Amino acid sequence: MAEQRFRPGSPRVLVAGATGFAGALAAHLLWRHPGFELAALTARAPEGRALEELYPRYRVPLEIGELERAPLEELDAAIVAYPHAAAAGAVALLHERGARVIDLSADFRLSDRATYERWYGPHPRPELLAQAVYGLTELHRERIAAASIVANPGCYPTAAVLALAPLARAGLLADVVIDAKQGLSGAGRGAPAEVAHLSYAAENITPYQVAGHRHTPEIEEQLGALGAGLAVQFQAHLVSLDQGEMASCYVTPTRPVRAQELAELYARAYEREPFVEVAAAPPGVREVRETNYCRIFAAADRHTGKVLVFSAIDNLWKGTSSQAVQNLNVMFGLPEEEGLL
């Protein structure tokens, strides 16, 4: 059995909700990370079993315990991988005990309480909203470095906002339609049978949350912060894949954009980003599977005058757990790529 190997004095990290897809992957990444000590795993069930019993391929031998019984005062940080509404209480508890927290749920992604409650219902811990920093590393790196609570982005907003950020900054977004597709793992370990059962999902593509997907306001808020205040048409689809996500963005620009200008715009935007690759051709999800990379391709359509942008990520990695580790690296002053290459 591989032992955890970390540098002496490394920050101690807990993963809460370690039995779900996102929490288990976060534990796996931290177990092999040289700059963090994975100190404890918790979940609402099944207590007392080792994580490697549930996820043998991750080979993390730590037992799963209860959050209330974990050594909270000895922690430096925590990743909370609970569903929305259920996460906020755990975030508050860990924050009160002095840990820096990365929340994988939607509870702190929206800065405006009214917007959150319109899409999700009453906010369980609104007093913490002002302390949370949106955790899309490439946009908010400096604020993340100093944050006590980081709201990890949704997987769809990660792909979509990275695809559209250069256009938003340049004032080129007049209208956008985002057609996004994701593998079955995005539905989570507890997905209902009518969504994730093989007989339903195999050889099938299914739109869901039509005309009202909860990631829409998250995308709009982040684009608005970049200067593009507009309503976004976002539609998600479930496809017959395990992992992988593609955001196809169809943009009406505020003025004509030539191919050379577009290429230069994206090259400048991401030339120093370690995990965003501007591709020479449209990417596929296999190119980024089990990595923290986002691959983006942009093209100008001379016939319609529109701009097409394609963004591929692994929804469990850059879309969730590896981005959380990327943010932990930033928060604790470690090289951003450490433990992720």
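The values are calculated or read from the model by the stated rules, or taken from the named source; none is laboratory data. Computed from a predicted structure; not experimentally measured. Don't worry about glycine lacking a Cβ; one is built from the backbone with ideal geometry, like all the others, and counts go over all protein chains shown. Side chains included, ligands, DNA and RNA excluded: accessible areas come from the protein's heavy atoms. Shrake-Rupley method; radii C 1.70, N 1.55, O 1.52, S 1.80 Å.
Condition check ((1) closer than 25 Å to Arg32 by Cα; (2) touching a residue at least 24 places away in the same chain (Cβ under 8 Å)) across all residues:
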site	(1), (2)
Leu265	no, yes
Glu273	yes, yes
Ala281	no, no
Ala298	no, yes
Asn327	yes, yes
Pro335	yes, no
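Confirm whether Ala90 is in contact (Cβ under 8 Å) with a residue 12 or more places away in the chain, closer than 24 Å to Tyr120 by Cβ and open to solvent by less than 50 Å² (accessible area, probe 1.4 Å). In short, yes. Of a type in the set (Phe, Trp, Tyr), more than 22 Å from His215 (Cβ to Cβ) and more than 19 Å from the chain's Cα centre (by Cα) - does that describe any residue in the stretch 289-301? Looking through the stretch 289-301, none of the residues is of a type in the set (Phe, Trp, Tyr), more than 22 Å from His215 (Cβ to Cβ) and more than 19 Å from the chain's Cα centre (by Cα).
Taking the residues in the stretch 29-43 that are of a type in the set (A, V, I, L, M, F, W, C) and in a loop (DSSP other than H, G, I, E, B) as candidates, determine which candidate is surrounded by the fewest Cβ atoms within 10 Å (Cβ to Cβ). Step by step, filter the stretch 29-43, then rank; the result is Ala43.
Within the stretch 44-58, track down each residue that is out of contact with any strand residue (DSSP E or B) (no Cβ under 8 Å at 6 or more places or on another chain), open to solvent by less than 30 Å² (accessible area, probe 1.4 Å) and either more than 11 Å from Ala18 (Cα to Cα) or without any contact (Cβ under 8 Å) to a residue 24 or more places away in the chain (or both). Listed by number, the list holds a single entry, Tyr58. Out of Val278, Val288, which single residue is within 30 Å of Asp175 (Cβ to Cβ) and open to solvent by 40 Å² or more (accessible area, probe 1.4 Å)? None of the other options fit; the residue is Val278. Leu328 versus (1) open to solvent by less than 10 Å² (accessible area, probe 1.4 Å); (2) under 14 Å from Gly244 (Cβ atoms); (3) not hydroxyl-bearing (Ser, Thr, Tyr): which is the lone unmet condition? Among (1) open to solvent by less than 10 Å² (accessible area, probe 1.4 Å); (2) under 14 Å from Gly244 (Cβ atoms); (3) not hydroxyl-bearing (Ser, Thr, Tyr), the lone unmet condition for Leu328 is (2). Of all residues in the stretch 304-315, none satisfies being outside any strand (DSSP E or B), hydroxyl-bearing (Ser, Thr, Tyr) and under 12 Å from Gly244 (Cα atoms).
Close Cβ contacts (under 9 Å, 6 or more residues apart or on different chains) running from residues in the stretch 202-229 that are farther than 20 Å from Ser240 by Cα and in contact (Cβ under 8 Å) with a residue 60 or more places away in the chain to residues that are open to solvent by 60 Å² or more (accessible area, probe 1.4 Å) and of a type in the set (D, E, K, R) comprise Pro217/Asp112; Pro217/Arg118; Glu221/Asp112; Leu226/Arg169; Ala228/Arg169.
Working only within the stretch 10-28, note down all residues that are crowded, with 24+ Cβ neighbours inside 10 Å and in contact (Cβ under 8 Å) with a residue 60 or more places away in the chain. Within the stretch 10-28, Val13, Leu14, Val15, Ala16, Gly17, Ala18, Ala22, Gly23, Leu25, Ala26 qualify. Residues to consider are Arg169, Arg109; find the one that is among the basic types (Lys, Arg), crowded, with 24+ Cβ neighbours inside 10 Å and in contact (Cβ under 8 Å) with a residue 12 or more places away in the chain. After ruling out the rest, the residue left standing is Arg109. On the basis of being within 19 Å of the chain's Cα centre (by Cα) and among the aliphatic types (A, V, I, L, M), does Ala151 make the cut? Judged against the criteria, Ala151 is a match.
Sort out which residues of the stretch 208-220 are open to solvent by less than 70 Å² (accessible area, probe 1.4 Å) and closer than 19 Å to Gly183 by Cβ, and write them in order of number. Those that are open to solvent by less than 70 Å² (accessible area, probe 1.4 Å) and closer than 19 Å to Gly183 by Cβ: Tyr208, His213, His215.
Among the criteria (1) surrounded by fewer than 20 Cβ atoms within 10 Å (Cβ to Cβ); (2) at pLDDT 95 or above, the one Ala78 does not fulfil is (1).
Quick check on this structure: which one of Gly48, Gly17, Gly23 is modelled with pLDDT of 95 or more, at positive phi and not hydroxyl-bearing (Ser, Thr, Tyr)? The conditions single out Gly17.
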